[in-house]
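The values are calculated or read from the model by the stated rules, or taken from the named source; none is laboratory data. Note that this is a predicted model, so its numbers are computed, not measured. Don't worry about glycine lacking a Cβ; one is built from the backbone with ideal geometry, like all the others, and counts go over all protein chains shown. Areas reflect the complete protein model, heavy atoms only, side chains present, ligands, DNA and RNA absent. Shrake-Rupley method; radii C 1.70, N 1.55, O 1.52, S 1.80 Å.
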Amino acid sequence: MSWSRTERLEALLKEKIATVVLERLSDPRIGFTTITRVELSRDKKHAAVFYTVLGEPSQMRKTARALAQAAPHIQETIGPGLKIRHVPQLRFVFDERVERERTM
């Protein structure tokens, strides 16, 4: 199976973002977070970063705010490790798909 360039870039972004969130961010508002997938726009200028959080709804809201505020810092951190001209603008989105699967 051959991966397209977009799929390889999405996988690389997922790995790099997960590393930054888990190891480098020291924000106490970020709970136990898992980056589940990344979807790039067609022009590769925007990336939707899907995540899940274990915990209560209040913890999920705190994590959402913290990730939104940390997005520019994460972009700067992952930029040098990517071999692309422009680092995509990150937008964190709670992954409803995983939540629905868990409740089934």
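Here is how the numbers come out for the structure above:
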read-out	value
Any hit, segment 26-37, residues being loosely packed, with under 15 Cβ neighbours inside 10 Å, in a helix (DSSP H, G or I), at pLDDT below 95 and within 15 Å of the chain's Cα centre (by Cα)	no
Filtered residues of segment 39-61 (kept if open to solvent by less than 40 Å² (accessible area, probe 1.4 Å) and under 16 Å from Thr6 (Cβ atoms))	Leu40, Ser41, Ala47, Ala48, Val49, Phe50
Qualifying positions in segment 62-77 - surrounded by fewer than 16 Cβ atoms within 10 Å (Cβ to Cβ) and more than 13 Å from Val87 (Cα to Cα)	Arg65, Ala68, Gln69
Pairs, first within 19 Å of Arg8 (Cα to Cα) in segment 68-92, second assigned to a loop (DSSP other than H, G, I, E, B), C-beta under 7 Å, six or more apart	Gln75/Val87; Ile78/Val87; Gly79/Val87; His86/Lys45; Pro88/Lys44; Pro88/Lys45; Gln89/Lys45
Selection count, segment 1-25, where residues are surrounded by fewer than 16 Cβ atoms within 10 Å (Cβ to Cβ) and over 16 Å from Phe92 (Cα atoms)	10
Residue match in segment 32-47 (condition: farther than 18 Å from Phe94 by Cβ and not charged (D, E, K, R))	yes
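This table checks each residue for (1) touching a helix residue (DSSP H, G or I) at 6+ places or on another chain (Cβ under 9 Å); (2) over 19 Å from Glu101 (Cβ atoms).
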residue	(1), (2)
Glu10	no, yes
Leu22	no, yes
Phe32	yes, no
Ala48	no, no
Tyr51	yes, no
Gly55	yes, no
Ser58	no, yes
Leu67	yes, yes
Ala71	no, yes
